[in-house]
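Encoded as structure tokens, the structure appears first; notes follow it.
Values quoted throughout were computed directly from the atomic coordinates according to the rules given, and no laboratory measurement underlies them. Remember, it's a predicted structure, so these values are computed and weren't measured experimentally. Glycine also receives a Cβ, built like all others from the backbone with ideal geometry; neighbour counts cover every protein chain displayed.
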Amino acid sequence: MSEYSLSSTQREERTVRRKSRLFEFNQSIPFGSVLRLGFTAWFIFFGIWELAVLLKLTNAVLLPGPFTVLTSFVELFTAKNYLYDVGMSLFRIVVSFTLACMLAIPLGILMGTFRRVEAFFNPLVSAFRYLPAPSFIPLLLMWLGAGEAQKLALLFLGVVWFLITLIMDYAKSLPADFVNSALTLGGNRRQVLWTVVVPAMLPDILTAMRQMLAVSWTYLVIAEIVAASSGIGAMMMRAKRFVHIDEIMAGIITIGLLGLVFDILLRRLRRMLFPYLDSE
């Protein structure tokens, strides 16, 4: 149909459709576009950073350029046993987060499902949630010493209360029809909990784990700057003594990359276990 044969209203509607193709609410885009847009964002970020250093808009000692940081990143792995530090940090994150999940997942499900359980535990959980985990460092050092137990405990305290609350809220949002239908069919409380509530909550549990794992990484440096001889945070503190800002920034980038890898793995695990959610 010719553009001239359309009414003015039709021409306006076509113009609106053309303008809205780039930005649509909840629009699905190809995976290639996702990669290109993400790469472009990082290219612009590093480009502005390098340009600021080249134009001497910043102090090159206090803010080295991305190429200098990349060189230090490679040197850390090849000449300074940085792989061991990364491995220790990964060990602390995995162990502490696993312990937090072992407590938070069952307790959060019970609190969100049974009101009496929530009434008993929620005052404690809510109070501890507002206490900053680093404030426990002096106590943890006196109680557990300066070894691994203190660092694991700090990482545990940093995420467990929030994880319990998230899972409890997800359990509360479960449609009541699921439970009522199972009870009507003759299921007892244990059967309904294990065959209805828990399976229905598994996608939300993975979502909560993904959200709180990011928080766990933010506490890593705090856990490793106190009486630590290994780990990414300990490496950053060693670099601070000699004003090696490039190594500090390499450590920050390492934490960001590791956090991104864990986030991608949890997202892919969710898609693999529950593909029907994406299809919806």
Margin query: Along the charge dipole of the range 88-230, pointing to its positive end and built from +1/-1 on Cβ of Lys, Arg, Asp and Glu, which listed residue (185, 143, 217) has its Cα farthest out?
Written below: 185
Next item on the list: Calculate the spin-label point distance for residue 95 paired with residue 40, positioning each point 7 Å from the Cα along the beta-carbon direction, and give it in nanometres.
Entry: 4.5
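How much length is gained if the chain between residue 142 and residue 59 is pulled fully straight, taking 0.36 nm per residue apart and subtracting their Cα-Cα distance, in nm to one decimal?
Details: separation 83, 0.36 × 83 = 29.88 nm, distance 4.07 nm.
25.8 nm is the gain from fully extending residue 142 to residue 59.
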Item checked: Of (1) 74, 36, 31; (2) 45, 38, 37; (3) 69, 66, 30, the label for Cα extents along the principal axes in Å derived from the coordinates -> (3)
Margin query: Can you compute the label reach from residue 169? Point 7 Å from Cα along the Cβ direction, backbone N cut-off under 19 Å, restricted to the range 123-158.
Written below: 123-133, 158
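Could you pull out every whole DSSP H run in the chain that spans at least 27 Å of Cα extent along its own axis and averages 0.5 or higher on the Kyte-Doolittle scale? Kindly include the intermediate steps, with their values, before the conclusion.
Numbers: long enough: 31-54 (34 Å, 1.57); 82-113 (45 Å, 1.56); 148-172 (36 Å, 1.26); 198-218 (30 Å, 0.84); 245-273 (42 Å, 1.23).
Helix filter hits for the chain: 31-54, 82-113, 148-172, 198-218, 245-273.
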